[in-house]
Amino acid sequence: MRIEEITYETKNGKKVTLRSSETSDSNELLENLVRCAGETDYLGRYPEEINRTMEEEVSYISKLLENEKGFDISAFVDHKLVANAAIACIRGNIKTKHRAGFGICVSKDYWNMGIGDMLIKTCLDHAKKLGYEQVELEVVADNKRAVHVYEQNGFKVCGTIENGDKLKDGTYRDLLMMICRL
């Protein structure tokens, strides 16, 4: 699904443009994902685990632009891709097609500017327009800032996956499962 361009202003006065990711953004999307994965342990992968080729990324974005039940939105500041979020159907069968999954990453240099909040609100709005009844995500339990932002946008904790993440150093972290009913 294609999301039309929307312009917001950050807390510090910067203009942020949200729009569908395009195939021409593929290189920046991959670079941002690798950068974000290296800036925090709160994402689901380490940078070296992101091994999608440029061709695979172009194909992924092309399919999303044609997908009637999912989309990918990128955030740009000064024409630089700084964040990305996506909505995807959990499963398309009758019993679960009302559920969507949500994922987001924001470059560390752009944290605390409200960009994540803008992306969440935009994704939830468009998910509702697509007919989803609930959006689901997993978040590291000790990522208090993210949990707070999700709760401000209507998400509620519905469960815990104990030891859901295992870090390279062998330590474990719990994951919270959160749901936002639309």
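We did not get these values from a lab; they are worked out from the coordinates using the rules stated. These figures come from a predicted structure and were not determined experimentally. Don't worry about glycine lacking a Cβ; one is built from the backbone with ideal geometry, like all the others, and counts go over all protein chains shown.
Only one of (1) surrounded by 17 or more Cβ atoms within 10 Å (Cβ to Cβ); (2) over 22 Å from Met113 (Cα atoms) is not met by Cys36, so which one is it?
Exception for Cys36: condition (2).
For the stretch 115-149, name all the residues that are in a strand (DSSP E or B) and closer than 13 Å to Arg181 by Cα. Write out each step before concluding.
As a first pass, look at the stretch 115-149 and keep what is in a strand (DSSP E or B): 134-140.
Result: Gln134, Val135, Glu136, Leu137.
If the requirement is being touching a residue at least 60 places away in the same chain (Cβ under 8 Å) and β-branched (Val, Ile, Thr), which of these qualifies: Val106, Val147, Val135?
Being touching a residue at least 60 places away in the same chain (Cβ under 8 Å) and β-branched (Val, Ile, Thr) holds for just one of Val106, Val147, Val135, which is Val106.
So which residues in the stretch 82-101 are within 18 Å of Thr40 (Cα to Cα) and either touching a residue at least 40 places away in the same chain (Cβ under 8 Å) or among the basic types (Lys, Arg) (or both), if there are any at all?
Val82, Ala83, Asn84
Scan the stretch 80-119 residue by residue and report those that are out of contact with any helix residue (DSSP H, G or I) (no Cβ under 7 Å at 6 or more places or on another chain), of a type in the set (A, V, I, L, M) and under 23 Å from Ser26 (Cα atoms).
Residues satisfying the conditions are Ala86, Ala88, Ile115, Met118, Leu119.
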